Structures are given as C-alpha cells and as structure tokens.
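Taking it in order: structure first as structure tokens, then the write-up.
The values are calculated or read from the model by the stated rules, or taken from the named source; none is laboratory data. Bear in mind the structure is a predicted one, so any value in this text is a computation, not a measurement. Here the Cβ positions follow ideal geometry from the backbone for every residue, glycine too, while neighbour counts run over all protein chains shown.
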Amino acid sequence: MTIAYCVNDAIKKNVDDIRQAINSGSNKHKAYDKLAYIVDTFGPRMWAQPSMALAVDYLYNQIQNWDSTKNGLVEVKLEKLDEISTWVRGSEQLILKSPRKRPQKLGMIGLGLIVPGNIKDGEVVVVRNWSELDEKGKANKLQGKIVCYNVPWTSYSNLKLYRQQGLDRASAYGAIAVLLRSVASFSIYSPHTGNVRQSGTVPKIPGAAITVEDAEMLQRMQDRGQKITVDLELNSEMKPSESHNIIAEIKGSKYPNQIILMGGHFDSWDTGSQTGAMDDGAGTLVTLEALKVVADLGIRPLRTLRWIAWSGEEMGLPNNGNQHYAKYHGDEDHVVALENDLGQKTAIGFGFSGKLQTSRMVRQLIMNYIPDLSVVNENDGSGVDTKPLGDKGVPLMRNIYKDPNDDYYFKYHHSAGDTMNILNPDEMDSNVFAISSMMYIIADNPERLPK
C-alpha cells in the first residue's frame with residue numbers, strides 16, 4: 001500500500017476544520033454574501049467593459065485586504081491580458097408585423113459577436129432541425145429570408161450548435177438573418193443569449209435569441225399557412241479594450257512549483273440586471289472562498305494552492321483569460337485544475353478527466369477524507385477555461401450535483417433569470433467545502449497525483 005492510500009491524521013484534522021468553518025464558523029454563507037454585494041453593486045460584467053473592470057478592481061482589493069494576504073500567507077496579483085477587442089451591444093429590437101393586425105415588440109436579445117443589421121419587413125421561415133434547413137435551403141426557400149430555428153430542448157451540448165453554427169449554415173442558403181429559439185430547458189418568456197461562430201466563408205449575418213414561447217408561436221403561424229414578417233434591428237461594434245485575470249495563491253511549503261489550480265470566470269452576459277450571478281460569479285466566489293477557508297485556518301499545504309478568476313470566457317475571443325493563462329502559465333507543473341462553471345446545487349462529488357491511475361488515487365483520497373462526496377464521473381472534468389491545460393495533459397476536475405443533464409442550470413443560463421434568487425447560501429457552501437477540501441487534500445497529500 002502506498003503512502004497515498006493511508007489516512008494522514010493531520011490532513012483529516014484540517015479537513016474537519018474546513019468543514020466546521022464553512023458549516024458553522026466564520027466562513028458560513030460568506031461566498032453568497034460576497035457574491036450578492038458584487039452582483040447588486042456592479043450588475044452584469046460584460047467582458048472588458050466598465051462594469052467588469054470596476055468589479056475586478058473591487059475583488060482584487062478585497063483579497064489584498066485579507067489578514068492572510070497582509071501576513072504573507074496569500075499572494076495576489078492582477079495579470080493584464082495581451083491586446084484584446086471586445087464586442088459592445090447597441091440598440092436592439094424585434095417587431096412582429098404580419099400576421100398581427102398591429103405591430104408588436106417581441107422579447108429578444110442579440111447573440112454575442114454578431115454583425116449589425118437593420119431589416120424591414122423581413123419574411124421569417126421556421127425550421128425544426130438541420131434537416132428542415134437543408135430541405136428548404138436546397139429548394140431555394142430561404143434566399144432573402146430570416147431563418148427561425150425552433151429546436152426543442154434536449155441538451156445544451158446538442159442545441160448550442162444551432163447558436164454557434166446556425167448563422168453560417170443559414171447564410172449558405174442565402175438567408176439574411178437568424179432568430180434562434182433560446183437554448184434553455186425551461187422558459188418564462190426570457191431570451192437566453194450566447195456567442196456565435198461565423199467562419200467568414202459565407203456572408204456574415206445578424207442573429208438574435210427569442211423566447212421559447214415566441215418560437216413556438218411563429219411555428220404555429222407557419223403551420224397554419226400565415227405569412228410572418230418582422231422588423232429586426234441589431235446594432236453592435238467591436239472596440240479595443242483591456243481586461244485582467246486575478247490570481248491568488250498560497251505557496252506550497254515543500255513543492256511550491258507543483259500547482260493545484262481552481263477557479264471560475266468572472267465575466268458574464270448582460271441579459272438582465274443581475275446576469276452573471278450564477279454564471280459564473282457564483283463559481284468564482286465559491287472557489288475564492290475555498291481558498292480563503294484554508295488561508296483563514298493558517299494552513300500552508302505542501303503544494304501551491306492557486307485560485308484564478310478567468311476573464312472573457314463568455315465571448316471566447318482571442319487573448320482571453322484562459323488563453324492568456326495557458327500562454328504564460330501552461331508550462332508550469334499543474335497537478336490538477338478544477339473549473340466551477342455549471343451551477344451551485346448541493347455538491348455530491350466531482351467530474352474527472354485524466355488517466356485511470358490518477359482517477360483511482362482521487363477516488364481513494366475521497367474515500368479516506370470526504371466519503372460523503374464519493375460520486376466521481378469519469379471523462380467529465382473538463383471546462384472551457386481548463387481545457388487548454390487538459391490539452392497539455394493536466395488532469396481536470398469539476399464539482400457536480402444531482403442533475404445529470406444540468407436542466408436547472410440551463411433554465412437560467414445567459415438569461416435575465418440568472419439572479420441571486422436562484423442561488424442558495426447552504427448549497428453554495430456545500431460546493432465551497434467540496435472544492436476546498438478536495439483541492440487541499442491533493443495539495444497536502446504526501447504523494448502527488450500521477451501525471
């Protein structure tokens with residue numbers, strides 16, 4: 001039996017102390033309270049725009065003022081990204097004209113990174129899937145039309161392709177714009193935005209997300225043979241800007257060059273007054289509190305415990321936070337990297353991506369110290385911001401909860417419904433404990449995880 005499989009009494013005591021500090025001590029509900037202040041004070045945090053810059057400065061200054069930072073246990077820094085441009089939303093509206101007897105404004109929001117467009121009396125053609133798009137496109141029924149994708153919810157991984165690829169595929173058949181049924185598991189008339197990917201091999205066209213309810217309405221209109229026309233106005237521009245990642249860490253006492261990384265992305269969309277509370281302000285503040293619990297207890301593990309607030313995940317543009325981190329830190333010795341970006345329901349365990357022998361050791365460490373978090377989903381640890389490290393062979397992890405299809409998360413994802421009201425302080429604390437204890441155990445275990 002190797003050292004890795006033996007229970008270490010000092011680690012066990014520290015895990016117990018971490019649990020107590022979160023459940024009933026000074027760290028109880030702190031992740032929720034700190035997030036609520038940021039959400040209420042700064043609002044949505046669109047990448048490299050003023051509200052995000054103010055929130056970044058605030059969070060950085062808060063970490064600087066921790067007692068553990070002042071006494072030298074925690075080190076914090078801002079890392080400015082290389083030259084970037086960001087997408088800025090302008091005025092937008094969608095007016096349904098026909099078959100309505102009087103024009104009516106519909107709920108919508110422009111998709112991220114789209115080109116501007118101003119269309120009057122555009123005729124809408126609704127399709128339910130790629131097959132219908134191809135069938136109508138080959139029959140020349142989409143030339144000069146606005147394509148509406150009305151694709152029912154199955155899973156995010158399937159439906160996001162309509163947002164990311166739908167504009168190019170419609171443009172290839174001569175369409176002049178796209179309306180996308182929101183990629184959401186449930187709706188109360190709230191459009192869900194997200195970025196698009198336009199290749200440039202076909203004309204770039206504008207696109208907007210509409211509500212599930214209106215997509216179904218347009219489908220009914222078309223099915224009964226009614227002609228659908230709309231006015232669509234979408235204004236936006238790309239602007240040079242700047243942004244920063246925030247990095248805070250406790251240097252390892254014996255192996256400072258071996259890094260255990262955890263974090264979330266601090267940018268958000270701008271759909272509503274609090275958008276970015278769950279996605280991914282909660283992930284960012286939960287992982288930050290996971291670091292702070294360890295620091296407040298005065299623990300310096302054998303390996304470096306590092307936290308990051310990535311910048312620019314939502315737009316995914318060149319030189320964003322994960323690309324910057326991979327460029328300047330990717331060759332460092334990362335033992336594991338955890339991303340928290342799929343909600344904060346009650347934690348039950350972890351997703352893991354990496355070698356089988358590494359997974360086996362993670363499972364054993366969990367059974368030794370935190371058996372109440374014993375669910376480990378194989379090949380399920382990757383995230384958007386950790387993927388560049390995974391491509392370099394770094395084992396990846398994420399926290400998971402009881403919702404295999406993530407339906408709860410995607411009810412609110414990228415919508416005005418992403419508010420503090422959908423978050424629960426106790427559920428957030430369950431994730432603070434899961435991440436803090438797991439990352440600490442890996443950082444302080446005498447034997448490192450296999451590469």
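Odds and ends about this structure:
- Evaluating V126 against the criteria (1) under 20 Å from M315 (Cα atoms); (2) outside the structural domain of L317 (by TED's automatic domain parsing); (3) aliphatic (A, V, I, L, M) leaves one unmet condition, (1).
- When P404, P450 are checked against the criterion of being farther than 26 Å from Q323 by Cα and out of contact with any Phe, Trp or Tyr (no Cβ under 9 Å at 6 or more places or on another chain), P404 stands alone in meeting it.
- Selected residue (criterion: farthest from C6 (Cα to Cα)) from residues of region 349-383 that are surrounded by 15 or more Cβ atoms within 10 Å (Cβ to Cβ) and among the small types (G, A, S): G383
- Residues in region 391-413 that are in a loop (DSSP other than H, G, I, E, B) and among the charged types (D, E, K, R): D391, K392, K402, D403, D406.
- Just one of the listed residues (D296, D270, D279) is of a type in the set (D, E), within 17 Å of G383 (Cβ to Cβ) and touching a helix residue (DSSP H, G or I) at 6+ places or on another chain (Cβ under 9 Å), namely D279.
- On inspection, A48 qualifies as crowded, with 20+ Cβ neighbours inside 10 Å and in a loop (DSSP other than H, G, I, E, B).
- Taking every residue in region 45-68 that is closer than 16 Å to A282 by Cα and touching a residue at least 24 places away in the same chain (Cβ under 8 Å) and pairing it with any residue that is buried (at least 16 other Cβ atoms within 10 Å of the Cβ) and among the acidic types (D, E), at least 6 positions away or on another chain, the pairs with Cβ-Cβ distances below 7 Å are R45/D267; M46/D267; M46/D270; M52/D267.
- When the residues of region 164-217 are filtered to those that are within 26 Å of the chain's Cα centre (by Cα) and among the aromatic types (F, W, Y), the one that is nearest to Y412 (Cα to Cα) is F186.
- Residue satisfying all of: in region 360-390; in a loop (DSSP other than H, G, I, E, B) and free of Cβ contacts under 8 Å to residues at least 60 places away in the same chain; nearest to the chain's Cα centre (by Cα) among these: G383
- Among the residues making up region 120-133, those that are surrounded by 15 or more Cβ atoms within 10 Å (Cβ to Cβ) and without any contact (Cβ under 8 Å) to a residue 60 or more places away in the chain are V127, W130, E132, L133.
- Single residue of region 150-176 satisfying the filter (among the aromatic types (F, W, Y) and under 18 Å from D134 (Cα atoms)) that is surrounded by the most Cβ atoms within 10 Å (Cβ to Cβ): Y162
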